[in-house]
Each structure stands twice: as structure tokens, then as C-alpha cells.
Amino acid sequence: MIFRQLFDSASSTYSYLLASRRGGEALIIDPVLEKVDRYLQLVTELDLKLVKAVDTHLHADHITGLGALRDRTHCITVMGEQSSVDVVSMRVAEGDRVQIEGLSLDVLYTPGHTDDSYSFLLGDRVFTGDTLLIRGTGRTDFQNGDPRAQYDSIFNKLLRLPDETLVFPAHDYKGDTVSTIGEEKAFNPRLQVTSVDHYVELMNSLKLPNPKMMDVAVPSNMRQGLAQDLIAERGWSLTAGEAMELVGRPDVAFIDLRERTEREKRGVIPGSLHSPYPDLQANLRPGGILHDLARSTGKRVLFYCAFGERSAMAVQTAQDAGLSSACHIQGGLDAWRKADGPVVRPPLPVRNPD
Ligand SMILES: [Fe+2]
């Protein structure tokens with residue numbers, strides 16, 4: 001496995017670049033905007049393809065690199081379903097998995113520092129964001145923080161992992177790089193409490209100053225711009241209502257770009273075909289299903305995904321590949337459902353399992 005811990009000294013943030021092999025797909029956790037050039041240089045040097053960028057929560061102390069990485073690599077941006085952030089193209093919840101080639105991260109919902117805080121477990125290591133730090137815990141006094149929820153996240157989820165599990169946090173201000181669950185249980189001063197009330201009292205007595213960047217970082221991180229705005233300007237977007245008129249039409253192919261787990265959880269548009277976003281390039285080449293569908297049947301390709309972000313990027317790629325009728329549903333299945341569009345369970349067996 002390729003595992004790189006990268007540091008932003010201005011905000012003391014750790015970011016993590018993961019891949020199963022040289023030449024394969026990569027994922028980055030908690031990227032910082034100012035370091036995006038460095039990440040992409042490393043991605044090139046290691047011959048990787050960045051396919052997913054994940055934020056553990058809405059950060060208050062630095063501007064996320066998610067928007068810039070999406071614009072420059074067309075990667076999928078991932079956050080928890082509670083995040084009030086527009087950049088997100090895939091939302092996850094407790095029990096989901098974030099997968100790339102050869103790696104699968106278990107999603108743990110660990111609120112408390114913020115109400116959108118998540119941790120990600122990868123085999124012998126856990127990425128704890130700002131929920132559990134080395135000899136500390138993330139503050140709980142802003143962004144819908146809640147010390148009671150954080151106690152539950154730490155004591156009833158993270159500390160139940162095996163003691164030897166490696167802990168990789170989103171920050172460290174002292175220079176530590178890694179710890180273990182066992183070490184934190186024994187030596188983290190915030191965890192030496194006798195009850196949840198004791199923990200709440202401890203956290204409420206901290207009286208910390210706000211982060212320097214907070215007034216800039218929070219609004220900026222909530223509005224990273226949408227890939228779909230540009231696509232709409234080019235006339236390649238349909239509203240959910242417009243798309244609904246096309247269901248069942250023989251000259252239109254609805255293409256679902258989401259992953260199998262998202263389809264099973266949220267349902268699919270009736271009659272739609274499955275072509276996962278990571279396989280887009282291959283499927284648009286001669287011999288690929290999208291290429292053949294558009295060229296041999298003359299069907300109009302209508303992409304959709306969860307929120308319209310992946311499908312907007314897919315429209316651009318399809319247009320670049322010569323599919324001039326390709327378009328997408330603005331706002332994705334989320335907008336479709338809000339407009340009372342019909343949704344059914346995905347057909348079995350699932351095509352192109354991912
Ligand atoms: Fe944070």
C-alpha cells in the first residue's frame with residue numbers, strides 16, 4: 001500500500017494520500033487548498049490517478065482542497081450526509097464504505113467536534129479527523145459541536161477498536177504523527193474522565209480562542225463552486241422536471257453514474273442503465289457501452305448521479321469525446337426525488353458491479 005502523511009504547517013493539518021499500488025487509483029483525506037500543487041505533483045510522481053478526495057468534516061481552520069482537486073482531476077468529492085457543503089459529489093453515512101481500486105475504508109459517524117464529523121477505518125489504522133487527536137480531542141464549542149456526542153463517538157466507537165489500531169488525526173500541534181487506540185486510552189488526558197458528565201464539564205471549561213482562519217475558512221468551505229454551473233451555461237443541463245418528461249422515451253438513455261451501494265440505498269430512475277463514474281473513460285471509448293449506445297442506436301445520453309456533480313463532469317467528458325447530445329440532470333437524484341420523480345429498486349443482477 002502507498003501511504004503518505006502530508007503536513008500543512010500553516011494550519012498544522014495532516015492530509016493522507018492512499019493507494020493500493022503504484023500506477024493505481026488514489027484517494028486523499030483532508031487536503032488543504034494551498035498544498036494542492038504538491039499533492040498533484042506527488043500523484044504524478046507515483047504514477048497515481050486521484051479518484052476520490054474526502055473531508056472528515058467542515059474545517060474551520062483551513063480552506064479545503066476538495067474544490068480545486070475536483071476541478072483539476074475530476075475526482076469524486078466525498079463528505080458525510082450532514083455536511084452543509086456544496087462541493088460534495090458523494091455523501092456517506094455510518095456503515096458505508098469509501099472504495100477505490102484495492103482499498104476499502106469503513107465509514108464511522110463520529111459527531112461531537114462538529115455534527116458532520118466522520119472517521120474512516122482502513123484495516124490496521126483509523127483516520128480520526130478532529131474527533132480524536134493525539135493526547136487531545138477536537139474542540140466542541142462551535143459548528144454544532146456537542147461534547148456529549150463526542151464522548152459517545154470516542155468511547156463507544158473509536159476506543160472499541162483494537163488497542164493496536166493506529167490513530168492518524170487531522171491535526172497535531174506538537175509534532176506527533178501517529179498514535180494507537182491503546183496509547184490514547186492510557187495517556188490521553190481528556191479520556192481520563194469518570195463519566196460523560198465529567199467529559200462535558202471538561203470540554204465546556206476549555207474557553208479556547210476561535211481559529212485564526214475561521215471567518216474565512218468556514219464560508220469558503222461551504223461554497224466551493226459547483227461543476228454543474230458551467231455545464232448549465234453551456235446548455236447541457238435538464239431540470240429534474242424536464243428529465244421526467246423523457247422517462248420511457250426510446251430515444252433517450254438514462255445513465256446512472258453512482259456506485260452500487262448508493263443505488264441500493266437510494267434507488268434508481270426506472271429503466272436507467274448503470275455506468276459507474278470511475279469507468280467513464282473506458283465506457284466512452286469505441287467498444288465501450290456508452291460509445292456504442294450513442295453511436296449505434298443514436299440515443300441521447302442523459303447522465304445522473306447523487307447531486308449532479310459527477311454527471312456534470314461526465315457531460316463535459318462525453319462532449320469532449322464527441323457525444324454532442326450528452327446532457328445531465330441538474331441536482332441529480334436528490335433534485336429528482338424532491339420533484340417527486342419515480343424511483344425504483346435497482347435491477348438484479350446489477351450490471352458492472354463496482
Ligand atoms: Fe476541525
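Key figures
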| quantity | calculated |
| --- | --- |
| Check: region 295-354 dipole with +1 on Lys, Arg Cβ and -1 on Asp, Glu Cβ, in debye | 240 |
| Total formal charge among the other residues, if their Cβ is under 15 angstrom from that of PHE120, Lys/Arg +1 and Asp/Glu -1 | -4 |
| Share, in percent, of DSSP beta bridges within the chain that are antiparallel, nearest 5 | 55 |
| Gained length - SER104 relative to VAL343, 0.36 nm times residue gap less alpha-carbon distance | 83.3 nm |
| Carbon/sulfur fraction of accessible area - region 199-246, other protein chains in place, 1.4 Å, % | 56 |
| In Å², nearest 10: area of PHE168 left accessible to a 1.4 Å probe | 10 |
| Listed peptides 111-117, 80-86, 336-342 by packing density, highest first (mean Cβ within 10 Å) | 111-117, 80-86, 336-342 |
| Accessible area in square angstrom per residue, region 209-282, 1.4 angstrom probe | 50 |
| Sequence-distant lysines (8 or more away, or on other chains) whose Cα lies within less than 18 Å of LYS185 | LYS157 |
| Extension gain from ARG4 to ASN210, taking 0.36 nm per residue of separation minus the Cα-Cα distance | 71.2 nm |
| Percent accessible area from carbon and sulfur atoms, region 1-107, protein chains only, probe 1.4 Å | 45 |
| At 1.002 mPa s and 20 °C, Stokes D of region 206-313 from Kirkwood alpha-carbon radius, µm² per second | 132 |
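The values are calculated or read from the model by the stated rules, or taken from the named source; none is laboratory data. Treat the numbers as computed from the prediction; the structure is a model and nothing was measured. So basically every Cβ, Gly included, is an ideal-geometry build from the backbone, and we count neighbours across all protein chains shown. Areas reflect the complete protein model, heavy atoms only, side chains present, ligands, DNA and RNA absent. Shrake-Rupley method; radii C 1.70, N 1.55, O 1.52, S 1.80 Å.
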